[in-house]
Structure formats: C-alpha cells, structure tokens
1. Can you tell me which residues in region 87-107 are over 17 Å from V21 (Cα atoms) and not in a strand (DSSP E or B)?
2. Which residues, counting only those in region 66-80, are closer than 18 Å to F50 by Cβ and exposed (fewer than 15 other Cβ atoms within 10 Å of the Cβ)?
3. Among the residues of region 104-128, write down those that are of a type in the set (D, E, K, R) and free of Cβ contacts under 8 Å to residues at least 12 places away in the same chain.
4. So the check is Cβ under 9 Å with 6+ separation or different chains; which pairs have a first residue in region 44-65 that's in contact (Cβ under 8 Å) with a residue 24 or more places away in the chain and a second one that's part of a strand (DSSP E or B) and among the basic types (K, R)?
5. Taking only region 81-97 into account, find how many residues are in contact with a strand residue (DSSP E or B) (Cβ under 8 Å, 6 or more places away or on another chain) and either small (G, A, S) or under 19 Å from Y52 (Cβ atoms) (or both).
6. Please work out if K124 is over 21 Å from A7 (Cα atoms) and over 11 Å from the mean Cα position of the chain (by Cα).
7. Residues to consider are S74, S44; find the one that is under 19 Å from E123 (Cα atoms), more than 10 Å from the chain's Cα centre (by Cα) and among the polar types (S, T, N, Q).
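What follows draws every value from the coordinates through simple rules; no lab data is involved. Model, not experiment: these values are computed from the prediction. Glycine also receives a Cβ, built like all others from the backbone with ideal geometry; neighbour counts cover every protein chain displayed.
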Amino acid sequence: MRKSPSAETVEGYLELLPEEVSLALEKLRKIIKAAAPGTTEVISYRIPVFKYQGRPLVGFGAAKNHCSFFTMSSSMIPKLARMRAAELKGYDVSGATIHFTPDKPLSAALVTKHVKERIAENEKRAKR
C-alpha cells in the first residue's frame, strides 16, 4: 500500500491500495451505504468515514497486513468484547475496531448490525 496524504476522496483513497484490498473495502463500502443510505462520505483522520447527521458513524481503512472497520464509538468497545467469542471469532478486535483481511471479509449481516447500532446511537445523541 502506498501512503499518500493527498487522498481527498474515498475513490482516491481506494485507488492507492492494492487491488484485492481495494475490492474488499469497496464491498464493505457498499454494505455500509445500503445499511445507512442517509449518510455522507468524507475523508477524516486520513480514512474514509461515513457521517450521519453530521457526526462520524463508521469508517474503514487499510494497513499493511489488514483492513479495518472502525465503529467510531467507545460505547461499542464492550459490545465488541462480548461478541469476540462468537460472532467475531477469527477476527482481531482492538478497542472499537474490527480487523479483517480481504480473504476473510466481514459478513454483510455483521456490518449492517453495527451500522444500525451506530445510527441509533447518533440519533439518541442528537436528541440530547
């Protein structure tokens, strides 16, 4: 993966990645879009991030040896820890981030579940 601070769009970010990584992240991107159609995509923290009601919802990125799905919320940490033994078995979980590889992508059901949880969380915060 080439590093470049010049990726200003999600498409630009994906173009900088090796093909298999780019394809895996594009698949994840489509799942997120389907689960959260009212979001906007931006580059934030040098990674693609989906925003909902102006707040970060979820993001994704690539590192040298893995891809990441960022849930962008510390309240997700205990939920992910509880899921580690069952739904996330075989994946590395670090804080509120799930690491995966292109040959072992996250399931659409799992991603959709987390995106919906984050939407509900953002809506609850907006009401406060």
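1. E87, L88, K89, G90, G95, A96
2. Passing the criteria: S74, S75.
3. Hits for region 104-128 are K113, K124, K127, R128.
4. What qualifies is L57/K51.
5. 4
6. Here the answer is yes, as K124 does meet what is asked.
7. Answer to the selection: S74.
Let's see how each residue does on (1) among the hydroxyl-bearing types (S, T, Y); (2) under 14 Å from E117 (Cα atoms); (3) outside any loop (DSSP other than H, G, I, E, B); (4) in contact with a helix residue (DSSP H, G or I) (Cβ under 7 Å, 6 or more places away or on another chain):
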{"position": "S22", "(1), (2), (3), (4)": "yes, no, yes, yes"}
{"position": "E26", "(1), (2), (3), (4)": "no, no, yes, yes"}
{"position": "I32", "(1), (2), (3), (4)": "no, yes, yes, yes"}
{"position": "P37", "(1), (2), (3), (4)": "no, no, no, no"}
{"position": "S74", "(1), (2), (3), (4)": "yes, yes, no, no"}
{"position": "P78", "(1), (2), (3), (4)": "no, yes, yes, no"}
{"position": "R82", "(1), (2), (3), (4)": "no, no, yes, no"}
